[in-house]
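Read through the structure below, which is laid out as structure tokens, and then see the notes.
The values are calculated or read from the model by the stated rules, or taken from the named source; none is laboratory data. All values reported here derive from a predicted model rather than from experimental measurement. FYI the Cβ positions are ideal-geometry reconstructions off the backbone, even for glycines, and counts take in every protein chain you see.
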Amino acid sequence: MDHLGEVVFVELPEAGGSVKQGGSFGAVESVKATSDINSPISGEIVEVNTKLSESPGLINSSPYEGGWMIKVKPSSPSELESLMGPKEYIKFCEEEDAAH
């Protein structure tokens, strides 16, 4: 989310809905841009972080703790095998930055 700058607004779905891997489930608005949020996995949305409505900056300041967006019960657990871990994602972002 660093590429967006400071997040000022978050649009999230309701619990009970569903998401598909790679599909949009909401949006974040920052001082730089508005971007869709895509789900890394398919499944049922079991919980939504309502704190982000009042404190969207948690996405920047606490992305792994207070800034989480949704919790999903996976419908296809095998999709988890294709996801990047933190180290792979950092490397991916560095390569993207170098390419631009």
- Of all the residues that make up the range 13-40, how many are loosely packed, with under 15 Cβ neighbours inside 10 Å and polar (S, T, N, Q)? 3
- Note on the structure: Over the range 2-32, the set of residues in contact with a helix residue (DSSP H, G or I) (Cβ under 9 Å, 6 or more places away or on another chain), modelled with pLDDT of 95 or more and assigned to a loop (DSSP other than H, G, I, E, B) is 12, 21
- Task: Return the pairs, sorted by first residue and then second, in which the second residue is basic (Lys, Arg), the first residue lies in the range 41-60 and is loosely packed, with under 15 Cβ neighbours inside 10 Å, the beta carbons are less than 7 Å apart, and the residues are 6+ apart or on different chains.
- Result: 44/73; 46/71; 46/73; 47/71
- Message: Being within 21 Å of residue 14 (Cα to Cα) and part of a helix (DSSP H, G or I) is the requirement here; does residue 52 meet it?
- Response: yes
- Item | Among (1) over 23 Å from residue 19 (Cβ atoms); (2) touching a strand residue (DSSP E or B) at 6+ places or on another chain (Cβ under 7 Å) - the single one residue 99 does not satisfy | (2)
